[in-house]
Amino acid sequence: MKKKEQGPLQVEFICPGCGKHLAWALPTAQISCPQCGTWVTCKNRKRPQVEVFLPVDSEQTVLF
């Protein structure tokens, strides 16, 4: 059986200002919080108690 190659991983972006869960995105992303207007990056994002990383092609992040 062939192993699937691991691509870039997404992280959960949570606003450090108001705590709103914004999106799953690559660590290089910058996301503006629609609730308080704070720009959230990987450096200033609020981290969840348990850090989870998702592959870009994860079926758990597919919108339907």
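Test Val56 against the criterion of being open to solvent by 40 Å² or more (accessible area, probe 1.4 Å), aliphatic (A, V, I, L, M) and at pLDDT below 95, and give yes or no.
Yes, satisfied.
Restricted to segment 22-35, and to residues that are over 12 Å from the mean Cα position of the chain (by Cα) and surrounded by fewer than 13 Cβ atoms within 10 Å (Cβ to Cβ), which residue is nearest to Gln10 (Cα to Cα)?
The extreme case among them is Ser32.
The values are calculated or read from the model by the stated rules, or taken from the named source; none is laboratory data. Being a predicted model, the structure only gives us computed values, none of them experimental. With ideal geometry, Cβ positions are generated from the backbone for all residues, glycine too; neighbour counts draw on all protein chains shown. Surface accessibility is based on the protein's heavy atoms, side chains included, excluding ligands, DNA and RNA. Shrake-Rupley method; radii C 1.70, N 1.55, O 1.52, S 1.80 Å.
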